[in-house]
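Quick notes on the structure that follows.
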Amino acid sequence: MVLTKTAEDISSMRIRGAGRIARTAAAALQEHGASLDSETLAAFTHEMEEAADLLCGTRPTAVSLPNAVRYVMQGVQKAATLEEAQHALHDRATAFIHDSLAAVEKIAEIAARQIPNDAVIMTHCNSEAAIACIIRAHEQGKVREVYATEVRPRNQGYITIQMLSDAGIPVNFIVDSAARMFMPKVDLVITGTDAVTANGAVVNKIGTAQIALCAHEARKPFIVAAETYKFAPRTILGERIPIEWRPPEEVIGSEKQLPPTVTVKNPAFDVTPPAYVDLIVTEIGAFAPSYAPVVIRDHLGWDIIEFQKDYAFTHHYGE
Ligand code: RUB
């Protein structure tokens, strides 16, 4: 029950943001495992694998989701007995949630050192990791103000401005298309990410790539806050990150009738090439994008590549 509700909440975006999605999935697996009355290890494993498949099929782009599920499920898959599997599932989910929150804290600490005094910062979408960096720098007295975008069509910018305002940070709220106009006024851009590929490209909320391009043009550092579980192991095998397409109603509302020749295209994410990314700040340090394969090898392990199945995503609304 908790499992189905969580899966629905993630696909409908009541639960959103890559880190939160990952932690919620880990907690749902934990609760689901505790609710099962399987009598054998095989039956328990089977039920848990079905749960893992359900969760991983909810949103296709945030690689934090399969990475979290894989981490938790490894405890089940490596267990020799049912009891061992139940304990490992519980312990690993708890550890993942703890480590994920600790990673955000560490990223904030590292990124804050990159933020100069009296900084003007631009951010896009609503990323707990990026906001943690801004808030940490603000606590150190270094933030003058933030430019936060609206983030059409789901308006995650409203969540961002509320969080920044709650922290006492002056914010300029701008429409997405004003990013280039205000870029000369900012010192740096910080965003989060849903996935970092093996070549250091950053997949994040639609519009991020345009902002990175503007930052590059204006010679402003573009910094990405990314827990190591946002790195996508299978991209080393040439796999591409699927970009989620969401329903047209998110863009035009459900009442509006479109002229007959018009189609709405609503991709939820875009890809920022590594050339436009200055720094990726993780909980283990701040790196150039070219360091991505090392993070994948040393902190996720090659075995993750074997584990992750090709989770089918059924809700395609575009090409
Ligand atoms: C959220 C989004 C965020 C990343 C990183 O997209 O693009 O920038 O997920 O967030 P959506 P965090 O609203 O479609 O889920 O740092 O919180 O993991």
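The values are calculated or read from the model by the stated rules, or taken from the named source; none is laboratory data. Nothing here was measured: the structure is a model prediction, and the numbers come from that model. In this analysis, Cβ positions are derived from the backbone assuming ideal geometry, glycine residues included, and neighbour counts consider all displayed protein chains. The protein model used for the area step is the full one, side chains on, heavy atoms only, and it has no ligands, DNA or RNA in it. Shrake-Rupley method; radii C 1.70, N 1.55, O 1.52, S 1.80 Å.
Points worth noting:
- Surface composition of the chain: carbon plus sulfur atoms hold 53% of the accessible area, using a 1.4 angstrom probe and ignoring ligands, DNA and RNA.
- Packing here is the average count of other Cβ atoms within 10 Å per residue, and on that basis the peptides 194-203, 138-147, 236-245, highest first, run 194-203, 138-147, 236-245.
- Eligible lysines near K78 by straight Cα distance, threshold 21 Å, same-chain separation 8 or greater: K309
- GluC sites (Glu not before Pro) lying in DSSP loop within region 246-302, provided at most 12 other Cβ fall within 10 Å: E255
- With DNA, RNA and ligands ignored, accessible area of K256 (1.4 Å probe; Å², nearest 10): 140 Å²
- Here the peptides 18-26, 124-132 are ranked by packing, the mean other Cβ count within 10 Å, and the order with the highest first is 124-132, 18-26.
- Charge dipole (region 106-299, unit charges on Cβ, about Cα centre) - positive-most of P274, T208, T193: P274
- For the peptides 65-71, 93-99, the ranking by packing is 65-71, 93-99, with the highest mean count of neighbouring Cβ atoms within 10 Å listed first.
- On a per residue basis, region 72-228 carries 41 Å² of accessible surface, using protein heavy atoms and a 1.4 Å probe.
- For C56, the accessible area of its heavy atoms, probed at 1.4 Å with every protein chain present, is near 10 square angstrom.
- Mean projected area of the convex hull spanned by the Cα atoms of region 106-299, taken over all viewing directions: 11.7 nm².
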